[in-house]
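Report on the structure given below.
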Amino acid sequence: MKNQTVNATSDRITIRHVAHDAGVSVAAVSKVLRNAYGVSDILRGKVEASIEKLNYRPSVAARAMRGRTRTVGVLVIELSNPFLAGVIEEANAALSENSFKALIGIGRSASPIEASMIESMIDNRMDGVVIIAPRISGKILERYARQIPIVVIAHHELHAETYDTVNSDDRRGAALAVEAALKSGYTDIAMLGYDLADSPQTIVALQRENGYWDGMRNAGLEGRILRLPPVATDRKAAIDDFLALKDRPRAVFVWSDLDAVPLINAARTSGIRVPEDLAIIGYDNSPMAAIPLVGLTSVDQDAPRLGRTAAEMLLSRIEGRQEARHILVEPHVEMRGST
């Protein structure tokens, strides 16, 4: 059946308008919105085409009428990253101050797991979701955001209309890292990233690579990015290979403290002096970076502010705000002994 014309310019678009336009039942539309098991690609395509055509958004008021659970899902990429603790703790504090409870799910850097977790949060009638560093695409997030309020951290999607984002200004932060190295007297500055493989364009690592190139170009210097294996793989051998390079750079900006801390440890263990032989700058300013025995210069992205801002934005979404907001938090460099 072909899509039918719906004249609803003077009234709020409802699920019935979508069903009529798509030529399907209201129950079928509901199944698509819930990502229910067994929905065919043909049915999903019809319904999503009508949703886009009519600019349909599920009523927040209708969700409220069904009763709030005063629970919020927090979906994180992993728990082994010490930087995330500050984000989660402050988000939880802001939610608690408003009588909301947070329940944590772990996506394990896998899109199918993340999607399953979000669907479970929707099925359990949580009032909203904070997602940190997702692997799923912005298009899929848009779909879920039609069903539940969503705020995303560490996901650069400034044109998203149905969900909010809160990020460190990762591009600016990487440029600041280059500037810090320059001020310390280094000009042979490389970046240590990782194999991005099929990573979405929204990831923070890509923003940081762009910022590194900005900083090097602004200084009139040639740059180079050296890559470790993909995320969630053992990088010890690759770090050792980097340290053994004959043309090893004099200074290196590492995309994250997750790899900068093991790098500084491996360098010292192998007799490479930091910073006398190799200067190292990380990104995150994780708790490990501040330990005196580590002493890692690192870009601080203000984890507590990221967490609280995301929670406050989610609460305003739950209360009915519909216009998208995209916040960038200004980073700064914490100078320590590694430079």
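Just to be sure I understand, how many residues within the range 224-248 are in contact with a strand residue (DSSP E or B) (Cβ under 7 Å, 6 or more places away or on another chain) and over 19 Å from N265 (Cα atoms)?
So the answer is 4.
What is the one condition in (1) out of contact with any Phe, Trp or Tyr (no Cβ under 8 Å at 6 or more places or on another chain); (2) surrounded by 15 or more Cβ atoms within 10 Å (Cβ to Cβ); (3) part of a loop (DSSP other than H, G, I, E, B) that M216 does not satisfy?
Of everything listed in (1) out of contact with any Phe, Trp or Tyr (no Cβ under 8 Å at 6 or more places or on another chain); (2) surrounded by 15 or more Cβ atoms within 10 Å (Cβ to Cβ); (3) part of a loop (DSSP other than H, G, I, E, B), M216 misses just condition (3).
Based on this model, can you work out whether G185 counts as modelled with pLDDT of 90 or more and open to solvent by less than 30 Å² (accessible area, probe 1.4 Å)? Talk me through it step by step, then tell me what you get.
Details: modelled with pLDDT of 90 or more: yes; open to solvent by less than 30 Å² (accessible area, probe 1.4 Å): no.
Criteria not met by G185.
Looking only at the range 128-141, filter to residues that are in contact with a Gly (Cβ under 9 Å, 6 or more places away or on another chain) and not aliphatic (A, V, I, L, M); which one of those is modelled with the highest pLDDT? Can you show your working first?
Taking the range 128-141 as the starting set, the residues that turn out to be in contact with a Gly (Cβ under 9 Å, 6 or more places away or on another chain) are 128-136.
Cutting the leftovers down to not aliphatic (A, V, I, L, M) gives us 128, 134-135.
Details: G128: 95, P134: 89, R135: 85.
Across the range 128-141, the extreme among qualifying residues is G128.
Got a sec? Which helices (runs of 4 or more DSSP H) wholly within the range 7-112 have at least 3 residues that are at pLDDT below 85 and closer than 30 Å to P304 by Cβ?
60-65
I'm checking my understanding of the structure. Among residues of the range 296-318 that are free of Cβ contacts under 8 Å to residues at least 60 places away in the same chain and in contact with a helix residue (DSSP H, G or I) (Cβ under 9 Å, 6 or more places away or on another chain), which one is most open to solvent (accessible area, probe 1.4 Å)?
Residue satisfying both the conditions and the ranking: D300.
I'd like the full set of residues that are assigned to a helix (DSSP H, G or I) and among the aliphatic types (A, V, I, L, M), limited to the range 296-319.
Residues satisfying the conditions are A303, L306, A310, A311, M313, L314, L315, I318.
The rows are residues; the columns are (1) at pLDDT below 95; (2) assigned to a helix (DSSP H, G or I); (3) open to solvent by 40 Å² or more (accessible area, probe 1.4 Å); (4) in contact with a Phe, Trp or Tyr (Cβ under 7 Å, 6 or more places away or on another chain).
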| site | (1), (2), (3), (4) |
| --- | --- |
| D234 | yes, no, yes, no |
| D247 | no, no, yes, no |
| V261 | no, yes, no, no |
| E276 | no, no, yes, no |
| I280 | no, no, no, no |
| V294 | no, no, no, no |
| R321 | yes, no, no, no |
| R336 | no, no, yes, no |
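Going residue by residue through the range 208-219, is there one that turns out to be of a type in the set (D, E) and touching a strand residue (DSSP E or B) at 6+ places or on another chain (Cβ under 8 Å)?
Yes, the range 208-219 contains a residue that is of a type in the set (D, E) and touching a strand residue (DSSP E or B) at 6+ places or on another chain (Cβ under 8 Å).
For the structure I just gave you, tell me whether R227 is open to solvent by less than 30 Å² (accessible area, probe 1.4 Å) and not small (G, A, S).
Values: open to solvent by less than 30 Å² (accessible area, probe 1.4 Å): no; not small (G, A, S): yes.
Considered against the rule, which asks whether it is open to solvent by less than 30 Å² (accessible area, probe 1.4 Å) and not small (G, A, S), R227 comes out as no.
Kindly indicate whether D198 is part of a loop (DSSP other than H, G, I, E, B) and of a type outside the set (K, R).
Here the answer is yes, as D198 does meet what is asked.
I131: assigned to a loop (DSSP other than H, G, I, E, B) and open to solvent by less than 30 Å² (accessible area, probe 1.4 Å), yes or no?
For I131, the condition - assigned to a loop (DSSP other than H, G, I, E, B) and open to solvent by less than 30 Å² (accessible area, probe 1.4 Å) - is not met.
The values are calculated or read from the model by the stated rules, or taken from the named source; none is laboratory data. What you see is a predicted model, and the numbers here were worked out from it, not measured in a lab. So basically every Cβ, Gly included, is an ideal-geometry build from the backbone, and we count neighbours across all protein chains shown. Heavy atoms of the whole protein, side chains included, go into the accessibility calculation; ligands, DNA and RNA do not. Shrake-Rupley method; radii C 1.70, N 1.55, O 1.52, S 1.80 Å.
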